[in-house]
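Note sheet for the following structure.
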Amino acid sequence: MIVGIYAEGRADQAVITNILKGALNIDRSDLRYELPEYHLDQTDLHTMPVEQHSSWTVVKKVCEERRLIDTFFDNPIVQESFIVIQIDTAERHLVGYNVTEPVKSKENDPEEYCLELRVNVIDKINGWLENSHQDKIAYAVAIEEIDAWVLTIYDSKTADTSGYSNPKEKLSNEINRVFSNNSRRDLNNKKAFEKYDVLSQDFRKKKKLAVCMTKNESLKLFCESLAIFKSDEE
């Protein structure tokens, strides 16, 4: 099975890679990293702010143009394939993304909030895609940031890390607490993919991933959605 990953950035790719290993036993050799910035032409890169080279804006662009996604599925060599579209919700309020925000209340518990927000983001993605290929897409919608998923490995005190408004900062604090000075120095010298590959390597283990799923609702929803792509050999 070949899987294409369309993610906001290299760190996100690493996390998704390890989740796919733990959830579906998919090896890295069967993954195709379709980071949108690789396919932007020089005009796009020149006119786009640097901070947007890896972000929801380029994921949106690839979805709307659909050329890269259509080409992936039209490849006669690729059999039993699906794609993962990864996007964070931290920027959901921005123009062009502007996803409807579920109401937070006592009646609307955190699990329901995450589910509603995930559904709203998926609806937005499907709109960008003009509702094409829906049966071949796994939607990796990380509530706030994908760092909240990684936090489930290190934060043993929080019931659901989806609730953090600043998961990247919280993850940094946990890294400072858990890792030695030498290990932190080594991590900081790695590029984004390699760093998050190390940080999320526990996701490769099925049992560990199952435990982490209980600590983040949006991670659980993504992993559960992968069941339809499970191979008969798995």
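At-a-glance table
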{"quantity": "Pick from the range 83-137, criterion at pLDDT 90 or above and touching a Gly at 6+ places or on another chain (Cβ under 8 Å), ranking: nearest to N166 (Cα to Cα)", "calculated": "V84"}
{"quantity": "Hey, V62 in a strand (DSSP E or B) and either in contact with a strand residue (DSSP E or B) (Cβ under 9 Å, 6 or more places away or on another chain) or at pLDDT 65 or above (or both) or not", "calculated": "no"}
{"quantity": "Residue selected from the range 140-170 under the condition of a type in the set (F, W, Y) and surrounded by 19 or more Cβ atoms within 10 Å (Cβ to Cβ), by the criterion farthest from V62 (Cα to Cα)", "calculated": "Y164"}
{"quantity": "Output for the range 63-72, where each listed residue is out of contact with any Phe, Trp or Tyr (no Cβ under 6 Å at 6 or more places or on another chain) and under 20 Å from I16 (Cα atoms)", "calculated": "L68, I69, F72"}
{"quantity": "Counted residues, the range 186-234 - those being without any contact (Cβ under 8 Å) to a residue 12 or more places away in the chain and of a type in the set (D, E)", "calculated": "4"}
{"quantity": "Leading residue by the ranking (nearest to R10 (Cα to Cα)) among those in the range 183-203 that are open to solvent by 60 Å² or more (accessible area, probe 1.4 Å) and outside any helix (DSSP H, G or I)", "calculated": "K191"}
{"quantity": "Which numbered condition D135 fails, given (1) touching a residue at least 40 places away in the same chain (Cβ under 8 Å); (2) under 26 Å from E34 (Cα atoms); (3) within 19 Å of the chain's Cα centre (by Cα)", "calculated": "(1)"}
{"quantity": "Exclusive hit being modelled with pLDDT of 95 or more and out of contact with any His (no Cβ under 6 Å at 6 or more places or on another chain), set T43, T17, T71", "calculated": "T17"}
{"quantity": "Filter pass, K208 being in contact with an Asp or Glu (Cβ under 9 Å, 6 or more places away or on another chain), open to solvent by 40 Å² or more (accessible area, probe 1.4 Å) and either of a type in the set (D, E) or modelled with pLDDT of 95 or more (or both)", "calculated": "yes"}
{"quantity": "Selected residue (only one of E130, E116, E91 is open to solvent by 20 Å² or more (accessible area, probe 1.4 Å) and touching a Phe, Trp or Tyr at 6+ places or on another chain (Cβ under 6 Å))", "calculated": "E91"}
{"quantity": "In the range 77-97, the residues that are among the hydrophobic types (A, V, I, L, M, F, W, C) and assigned to a loop (DSSP other than H, G, I, E, B)", "calculated": "I77, V78, A90, L94, V95"}
{"quantity": "Test for S55: is it within 17 Å of the chain's Cα centre (by Cα), at pLDDT below 90 and not β-branched (V, I, T)", "calculated": "yes"}
{"quantity": "Selection count where residues are open to solvent by less than 50 Å² (accessible area, probe 1.4 Å) and either charged (D, E, K, R) or assigned to a helix (DSSP H, G or I) (or both), scope the range 171-182", "calculated": "3"}
{"quantity": "Hits in the range 211-234 - residues which are out of contact with any strand residue (DSSP E or B) (no Cβ under 9 Å at 6 or more places or on another chain), surrounded by 15 or more Cβ atoms within 10 Å (Cβ to Cβ) and part of a helix (DSSP H, G or I)", "calculated": "C212, M213, E217, K220, C223"}
{"quantity": "Where a residue in the range 87-112 is farther than 25 Å from A11 by Cβ and its partner, wherever it lies, is at pLDDT below 80 and open to solvent by 50 Å² or more (accessible area, probe 1.4 Å), with Cβ under 8 Å and at least six apart", "calculated": "none"}
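The values are calculated or read from the model by the stated rules, or taken from the named source; none is laboratory data. Since this is a predicted model, take the numbers as computed values, not measurements. Neighbour counts are summed over all protein chains in view; Cβ atoms, including those assigned to glycine, are modelled from backbone coordinates with ideal geometry. Heads up: the accessible areas ignore ligands, DNA and RNA and are worked out on the full protein's heavy atoms, side chains in. Shrake-Rupley method; radii C 1.70, N 1.55, O 1.52, S 1.80 Å.
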